[in-house]
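One structure below.
The values are calculated or read from the model by the stated rules, or taken from the named source; none is laboratory data. Bear in mind that the values here come from a model prediction, so they are computed numbers and not experimental data. Please note: Cβ atoms are built from the backbone with ideal geometry, for glycine as well, and neighbour counts cover all protein chains shown. Ligands, DNA and RNA are excluded from the accessible area calculation, which covers all protein heavy atoms including side chains. Shrake-Rupley method; radii C 1.70, N 1.55, O 1.52, S 1.80 Å.
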Amino acid sequence: MTGSRRRARPLWLRSLGYWAFQYKRTWRSSVTSSFLEPLLFLTAMGIGLGSLVDRHVHHVAGVSYLAFVGPGLLASAAMQVGTSEATYPVMGAIKWIRTYFAMLATPLRVIDVLTGHLAWIVVRLSMVSGIFLGVLAAFGLVRSWEAVLALPAGVLTGLAFSAPIVAFAATQEKDAAFSIIYRFGVVPLFLFSGIFFPITLLPGWLQPVAWATPLYHGVALCRSLVLGGAPLGASVVHAAYLLALIAAGYALATVTYRRRLSV
Amino acid sequence: MPSAPHPAVAPGEPAPLVVARGLVKRFGEFLAVDGVDFEIRRGECFGFLGPNGAGKTSTMRMIACMSPVSGGTLRVLGMDPATDGPAIRSRLGLVPQEDSLDLELTVLDNLIVYARYFDIPRAVARERAMELLDFAQLTERARDRVEPLSGGMKRRLTIARALVSRPDLIILDEPTTGLDPQARHLLWDRLYRLKQEGVTQVVTTHYMEEAEQLCDRLVIMDHGRFAAEGSPRELIGRYSTREVVELRFATHDDQTEALSLAPMAQRIEALPDRLLLYSDEGDAILTEAHRRGYAPVSGLVRRSTLEDVFLRLTGRTLVD
Ligand SMILES: Nc1ncnc2c1ncn2[C@@H]1O[C@H](COP(=O)(O)OP(=O)(O)OP(=O)(O)O)[C@@H](O)[C@H]1O
Ligand SMILES: [Mg+2]
C-alpha cells in the first residue's frame, strides 16, 4: 500500500458503478425505445387525438391537448422505467445472475447494494426524463425555465414506484407477481391518473383513489412545471407525497433486502 | 517503517487468521452448523470435507462474512464479521459454490467489474485481469460473453475473479466441481504457488484425492459437527489401516465364505459387490485367501486413502 492513497470510493457508489458499467455495455437494446416511445406517444396522443379534441372542446385546462398530454406522458414514462428497473433486474440480481451475491462477497454491504441500485435507477430516470423533456421542447411545449424542474419531478415520480417495488421484488421467488403489478398497477394508473383527462371527470368515488396514487401527483407536478406558473403550495404537496413514498419504500427495502440477502 | 518479517500481519493481529468457538448457524429451527471450534493458521490450506448438507457451505459463508453467525464467536483476520464486514471482506477472495458471474458481460469485463468493487483503479484492474486470464487459460476468450462458456470455463473465471483483489485468505467452496482433469491439476498447481506466497486457503471439496493433495489440515463434517480433524496422514493413521484388501467374488455365497478371513483384519466391511479387509498387512490376507481356495474373481491390495476415512466416519449410505 502506498502512503499517498487516494480517498476510497463510497461503497454504494461501487454498486452504482456496476449498473452503470453494465448499462454502458448493453444500452443499445433500450436506446431506440427510450427515444421512439415518447415520440410515438406524443404524435399519436397529442397530435392525432389532440387535433380531434381541440376541434371539439377547444382547450383542456386552458391549453392545447398536446400541451396537456405531453408532460403527463413524461411522468408515465418515469413510472414505467421506474417499475421495470425495480422488478426483473432485482430478481435477476438475486436469483438468475446473482449479482447481489457477487457484490456481497466484496467490501459492499447489503445497504450499499440497495442504495447503489436505487442510485442507478435515479440515473436512469434522469436520462429518461431528460430525453422526454427534450422531445417536449422540440414540440414547442416548453415555455419557461421552470420546465427544467420537470426532470427532478420525473425522477421523483419514477422513484416513488421503484423504492417500494424493489422492497417487494426482494421478497419474491418467481417473477409471476411482476406481470400483476403491470396489469393491475401500471396500466390502470396510466389511464386514470389525469394524463389524458383531468381526474375531475372521473366518477366522484374514484377521485380520492386517483389522489392516493403516486402517478397522479407526478403528472400534476410535471404538467404545472412544464406549462409554467406552477403553484408553490400544490407543488410542495405533490413532491412531499412522492418523497414520503420513496422514504417508506427505502425503509422497507432495507428490511426485505437484509432478510433475503443476509441469511 | 521498521522492516516487518511478515508484511501481512498488522500489529496486534493474532496469529490464526480465523478462530471459531462454538460456532452455530441456524436456519429457523434447523441447526446447519452445530457448535464447531476451529482455527485456521496463517499460510495453511484448511479443508472442510463432508457429505451433502453437512454444513460446509454454511460455515464458509460465515467465514466469508456473508452470512451472520447465529451463535458462538468467530474472528476473521482478528476482526468481528458482525461489525467489520467490509474491512474483512476487502482482504478475502471467495469462490462461491454457485457461480455469480455476469453472463451478459465479457470475460474480461467480469474481472474488471469485480475489481472495481474493491476500488482497484481501472488500469490496475485491467492489468491484473489479463494476468489472471492467462492463469485461467481464458485469454483467447477475453472478449467473449460469459454466457456461452462451458461450465468448467465459468468455474475457472470465478476462481480468477476471486484472486483479482490479491486476497490474504481465499475461500474456495468446491472450486473444482465441473473441471476437467487438466484444469483441476492447473488449479492445484496455482493454489500451491499461492500457498508458497503465503496466501491462506480454505477449501471444501468432494474429491478426497484433492483434499489429500491440497490440505495441510482438514475437518470431516457431518450433520453440522466435526467428526474428525487433523492432517490427511494423521486421519488415515487414526481411522484406517495402512492397507485395504479388496476382494470380489462371483457369487454371494463365495463372499460369505470368505468372511472367515475376518480375524486376520482389523476391520471388515461386506459390500454388495465386494469385501473390504482393513489391515496393515494386506498381502498376508490376500495370500491366505488364495491358500484357503476362496478364489476371488479379483483381489487387490491398496493403500488406505482419505476416502476410506471419510466413508468410515460418515457412513456409506445416503442419509438425508
Ligand atoms: N438459506 C437456507 N435456508 C434454510 N436451510 C438452509 C439454507 N442454506 C442451507 N440450509 C440447510 O443447511 C444444511 C447445510 O447446508 P450446506 O449448504 O451448508 O451444506 P454443504 O455441506 O455445503 O452441502 P453440499 O456438499 O451439498 O454443498 C442443509 O440441510 C441445507 O438444506
Ligand atoms: Mg456446499
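Its alpha carbons give chain B an Rg and a Dmax of 23.1, 77 Å.
What the Kirkwood sum gives for the stretch B:238-314 is a hydrodynamic radius of 12.3 Å, with every pair of different alpha carbons counted.
Round to the nearest 10 and give me the degree value, 0 to 90, for the angle of helix B:151-163's Cα axis relative to the longest principal axis of chain B. Between helix and principal axis, roughly 50 degrees. Calculated FRET efficiency, A:Val31 to B:Arg303, Cβ-Cβ distance, R0 = 51 Å: about 0.20 to the nearest 0.05. Interface residues of the stretch A:76-98, defined as those with an accessible-area decrease of at least 40 Å² between the chain by itself and the complete set of protein chains (probe 1.4 Å), are A:Ile97, A:Arg98.
Rounded to the nearest percent, how much of the accessible area of chain A (1.4 Å probe, protein heavy atoms only) is carbon and sulfur? The nonpolar share, carbon plus sulfur, comes to 71 percent. Ignoring ligands and nucleic acids, what accessible area does A:His56 show with a 1.4 Å probe (Å², nearest 10)? About 130 Å², rounded to the nearest 10.
Restricting to the protein assembly as shown, compute how many DSSP beta bridges are antiparallel as a %, nearest 5. Around 70 percent of the beta bridges assigned by DSSP in the protein assembly as shown are antiparallel ones. Counting only alpha carbon atoms, the long axis of helix B:282-291 and the longest principal axis of chain B meet at about 30°. Of the residues B:Thr73, A:Thr200, A:Thr26, A:Thr83, the one with the largest accessible area comes first in the ranking A:Thr200, B:Thr73, A:Thr26, A:Thr83, computed with a 1.4 Å probe on protein heavy atoms. Per-residue Karplus couplings for the stretch B:31-40, computed as 6.51 cos²θ - 1.76 cosθ + 1.60 with θ equal to phi - 60°, are listed in order as 8, 7, 10, 10, x, 10, 10, 7, 10, 10 Hz, Gly and Pro entered as x. Taking every DSSP helix (H) stretch of at least 4 residues in the protein assembly as shown, weighting each as -39,500 (n - 2.57) and dividing the sum by the residue count yields a mean residue ellipticity at 222 nm of -15500 deg cm²/dmol. Toward the positive end of the charge dipole of the protein assembly as shown, with +1 on the Cβ of Lys and Arg and -1 on the Cβ of Asp and Glu, the farthest Cα among B:Pro167, A:Ala147, A:Leu252 is that of A:Ala147.
Note on the protein assembly as shown: Kirkwood radius taken over Cα pairs, Stokes-Einstein applied at 25 °C and 0.890 mPa s, translational D equal to 88 µm² s⁻¹. Close amide H pairs (under 5 Å, H built 1.01 Å from N) link A:Ala86 with no residue at least 5 positions away or on another chain. Taking every residue in B:78-90 and counting other chain Cβ atoms within 10 Å of its Cβ, the average works out to 2.
The mean number of partner chain beta-carbon atoms within 10 angstrom of a residue's beta-carbon across peptide A:103-114 is 6.
Averaging over all projection directions, the Cα-based convex hull of the stretch A:11-261 occupies 13.7 nm² in the image plane.
Across all directions of projection, what mean area in square nanometres is found for the Cα convex hull of the stretch A:80-140? It is 4.6 nm². Taking label points 7 Å from Cα along the Cα-to-Cβ direction, A:Arg55 and A:Trp96 give a separation of 4.5 nm.
Annotation: per residue accessible area for the stretch A:175-236 equals 47 Å², rounded to a whole number [probe 1.4 Å, protein chains only].
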